Amino acid sequence: MSSHIKAKNRVLQEEVDRLLDSGNFPGVHVLLKEIWENSPGPSTANFVTSRFLKIRSKLTVVPCRIAFLRSFTIEPVTSLLRAALAVKRIDLIEHISDFNAYPQEILDEKSKLYSFSPDLIILAVQTRDILPDIWNCFADLSQDDVESKVKQVISEFYSWVQTLNKRIDASVIIHTLEMPVFPSSGIPDSYLENSQAEAISHINNELKSMARKFPNVYTLDYDALVAKKGRLNWCDEQKWLTMRMPISADCLIHLAVEWLRYILPLTGKTCKVLVTDADNTLWGGVVGEDGPRGIQVGPDYPGAAYQALQRVMLDLHARGIILAICSKNNMADVLEVINTHDGMLLRKNHFAAMRVNWQDKVKNLSEIAGELNIGLDAIAFIDDNPFECQLVRNQHPEVTVIELPEDCMKYAQCLRENPSFEKLTLSSEDRERGRHYLDRRKRKELKQSVSSLEDFYYSLQMIIDVSLVTQNTLARTAQLTQKTNQFNLTTRRYSEQQINETATMKNWRVYTMRSQDRFGDNGIIGAAIISLDQEVCEIDTFLLSCRVIGQTLETALLATIVEEVRKVGTKRLIGWFLPTPKNLPSKDFFKSHGFACTLEDDQKSRWELDLMDNKLSPPPWVKRNFL
């Protein structure tokens, strides 16, 4: 840590304690986040964690129960992870197995693992521990010996995952096995068919294949992480021999961040939107001073740095991350660069929202959030100007601020390394999300051109397909429950495994809704989970993607469900509204559809619709198909 960063953090730490004494707990959390981002390391982690424990009960935090099943010392890494999660308002509750006791913990149904009831299990096993002969004395083994040991390890992993899948509802992350720094055969190991590297690679490929067969099982490419940071830099043989800690002190944070990449999407803490500055961010120079032809962006230095950043943004866009611009500038100048400059990779159709004006960026970010119908906590913001970054941190602490480094050549790496945009699965809806938001902007323009709201609805030519969940729609349905906040009546989060199990239960139904209109296919944008018998049907989950709120599709889905449950003779439909800070847009849903409130307190409200006396009419402008 540089002396400048140390001095800055000392000042911030003093301010943290002052704010603690004054009772400004949100302000404390904002500063803890800044302190951690300035210098993520052991000493900073201790300070952040100790102060977070003092304000935890005063903030809205997400608890995350993680079981670490390991073959080496990971405690120094989990202490860093705890701080990294704390600044994301995630409270780590951990269980760490004894050394190499993971097989017993998994196979013994009375073990601490199962009584702990984790949300996530991380299986972190070293090659040298699970394959000691192949790691230490590969040259002494026959080909049959190697094949036998490889098959045994693959079989053991399958057995462990199958057991976990049967006994516990938790996501599982499996470390792949790392390669040795120096293979036993030297250079020939890289091309021999039956080599040390080939044996380990075969196991890793099987682990990845296995993970694809189980919902909520993922592989963490530990070997790739070690290689990326440098095998010699990663290893600390002295620590390994004395404390069973194989990772050097400087690399501990890298493993913590890698875990974070998985934990953030599992806890719903990732960002949906990337808002970018323009001058000296998307391109080099100031377009208002240098002119559209004078700015720097293209394949050659220094414009290559900005083009590389745009390449990262395009990759994020392909994953379903929405892009927007927030710039103090003249709109005409910015659009000329975006539409005509040969070095630009990003064009106007890549941006779902643009705020190019001279008002402050804090206000512009609020307007972007409103236009896209998302919360500020779903936004990540990048800017080369430290002042603008600090202003957004202070005024919008929910926003994830990614302050770009001083060297523009490191911009792309800075954005790629940030875990805020990770996804554990990638659905067709994710790939099409950018187009969906562009179509939404077209709908808005159409709405402004018609004479009445009813005419607007008819002009959209909306069609919905309601169907029971299938294996092909399982991942998207789970994703909707995990990420949808605004129009989500109960905000219950479900994994793929839970959705799958619910769908196979006798008296339960899991519905999905796909929509399309004159502007294109929106994909699966709605879901409902209900339990039913002949007398009563209860709505467990009812949600709609924020990008289609206000098009009456929620009424169309509810009307379709009512028609289906009437077929089995259901007489009453029960629904619950569980309020959260984000789902107020759905507060009056039941009331506006003829339900009567039968119970209400600060935590919940219960609503009932008599299906014998009430008919719920679907919107006449929505064509409905039940598949």
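What follows draws every value from the coordinates through simple rules; no lab data is involved. Model, not experiment: these values are computed from the prediction. Cβ coordinates were reconstructed from backbone atoms using ideal geometry, including for glycine residues, and neighbour counts include every protein chain displayed.
Some notes on this structure:
- The DSSP beta bridges internal to region 226-375 are antiparallel in roughly 15% of cases.
- Placing unit charges on the Cβ atoms only, positive for Lys and Arg and negative for Asp and Glu, gives region 357-418 a dipole magnitude near 60 debye about its Cα centre.
- Cα principal axis extents for region 323-395, largest first, Å: 37, 26, 18
- Cβ-Cβ FRET estimate between ASP602 and GLU406, R0 fixed at 56 Å, reported to 0.05: 0.70
- Euclidean distance of C-alpha centroids, region 471-542 and region 194-213, integer Å: 35
- Residues of region 1-17 with an amide N closer than 19 Å to a point placed 7 Å from the Cα of GLN390 along the Cα-to-Cβ direction: 2-17.
- Taking the Cα atoms of region 32-96, the ratio Rg/Rh between the radius of gyration and the Kirkwood radius comes to 0.97.
- Each part reduced to its alpha carbon centroid, region 124-185 and region 379-427 end up 37 Å apart.
- Beta bridges by DSSP in the chain, antiparallel share as percent, to the nearest 5: 45
- Simple spin-label estimate for SER209 and SER57 gives 5.3 nm between the two label positions (7 Å along the Cα-to-Cβ direction from each Cα).
- LEU627-LYS587 FRET efficiency (beta carbon distance; Förster radius 35 Å; 0.05 resolution): 0.70
- Extension gain from GLU563 to LEU335, taking 0.36 nm per residue of separation minus the Cα-Cα distance: 77.1 nm
- Where Cα atoms sit under 20 Å apart: lysine pairs in region 33-110 separated by 8 or more or lying on different chains: 5
- Label-reachable residues, region 477-491, where backbone N falls under 12 Å from a point 7 Å from ILE549's Cα toward its Cβ: 484-489
- When P(r) over Cα pairs in 10 Å bins from 0, in percent is computed from the coordinates, the matching label among (1) 3, 12, 17, 17, 15, 12, 8, 6, 5, 4, 2, 1, 0; (2) 3, 16, 24, 24, 17, 9, 4, 2, 0, 0, 0; (3) 3, 14, 22, 24, 21, 12, 4, 1, 0 is (3).
- Dipole magnitude (debye, nearest 20) for the chain, charges at Cβ of Lys, Arg, Asp, Glu: 1540
- Gain in span if fully extended, ASN46 to ARG293, counting 0.36 nm per residue against the direct Cα distance: 83.9 nm
- Relative protection proxy for 608-621, 331-344, from highest mean packing down: 331-344, 608-621 (other beta-carbon atoms within 10 angstrom).
- For region 11-168, size of Cβ-based charge dipole, Lys and Arg +1, Asp and Glu -1, in debye: 760
- Lys/Arg +1, Asp/Glu -1 at C-beta; the chain dipole; positive extreme among CYS597, MET245, ILE574: CYS597
- Protection-proxy order for peptides 521-528, 457-464, 558-565, each taking the mean of Cβ atoms within 10 Å per residue, highest first: 521-528, 558-565, 457-464
- FRET efficiency for the pair ASP133 and CYS414, taken as 1/(1 + (r/R0)^6) with r the Cβ-Cβ distance and R0 = 45 Å, rounds to 0.60.
- For the peptides 123-135, 574-586, the ranking by mean Cβ contacts within 10 Å, running from highest to lowest, is 123-135, 574-586.
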